[in-house]
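> Submitted below is the structure of interest, expressed as structure tokens.
The values are calculated or read from the model by the stated rules, or taken from the named source; none is laboratory data. Not measured: the values here are computed from a predicted model. In this analysis, Cβ positions are derived from the backbone assuming ideal geometry, glycine residues included, and neighbour counts consider all displayed protein chains. Accessible surface is based on the protein model in full, side chains and every heavy atom, while ligands, DNA and RNA are left aside. Shrake-Rupley method; radii C 1.70, N 1.55, O 1.52, S 1.80 Å.
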Amino acid sequence: PTILPILYKIFYYAIGRGGLIARHRGAANPIYFAPTIFILSVTGLAGLSLIWARTFYILLFILFSYLALNIVNVFYIFLKFEKNAPALILAFFVTPLIHLSYGVGFLYCIFKYFSGGFKGGVKMRSRV
């Protein structure tokens, strides 16, 4: 029950981070762009693989690399901080969702900012 609220928070956090970077280019750190670049590359390669079959292998390489890095990261967090087996299993599935939420939120903010629709910030929807 706590996964959706976390994904909402990450989404709106990414909107704030994207707004900060759009307004102050000096605040940019390359790591902030990683989930967004990952999402753009995977969707772009998925579209290209329909036209050119060799890009499918590049897409598979990127996805398997991400999966391997995700496994290493989850085990690192498990061994260093959280010694809870259910949390370990859940982290394998939640981490990609968090990266997806952040990447989409960052893209949303950059699109809104450069299209002129970012006036006074983006307000979080109230949840009842």
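> Tell me, yes or no, whether segment 38-46 has at least one residue that is closer than 22 Å to Leu90 by Cα, in contact with a Gly (Cβ under 7 Å, 6 or more places away or on another chain) and part of a helix (DSSP H, G or I).
Looking through segment 38-46, at least one residue is closer than 22 Å to Leu90 by Cα, in contact with a Gly (Cβ under 7 Å, 6 or more places away or on another chain) and part of a helix (DSSP H, G or I).
> Taking Leu107 as meeting all but one of (1) surrounded by fewer than 12 Cβ atoms within 10 Å (Cβ to Cβ); (2) touching a residue at least 12 places away in the same chain (Cβ under 8 Å), write down the number of the exception.
(1)
> Go through segment 1-38 residue by residue and tally those that are open to solvent by less than 50 Å² (accessible area, probe 1.4 Å) and β-branched (Val, Ile, Thr).
4
> When only residues in segment 70-104 that are polar (S, T, N, Q) and open to solvent by 30 Å² or more (accessible area, probe 1.4 Å) count, which is nearest to Leu40 (Cα to Cα)?
The selected residue is Asn73.
> A further question follows. Just name the residue that is farthest from Ala22 (Cα to Cα) out of those in segment 96-128 that are at pLDDT below 90 and among the hydroxyl-bearing types (Ser, Thr, Tyr).
Of everything passing the filter in segment 96-128, Ser126 is farthest from Ala22 (Cα to Cα).
> Oh, and also: Determine the pairs where a residue that is under 17 Å from Phe64 (Cβ atoms), located within segment 33-47, has a partner that is in a helix (DSSP H, G or I) and among the polar types (S, T, N, Q) with Cβ atoms under 7 Å apart, the partner being 6 or more residues away or on another chain.
Leu45/Thr55
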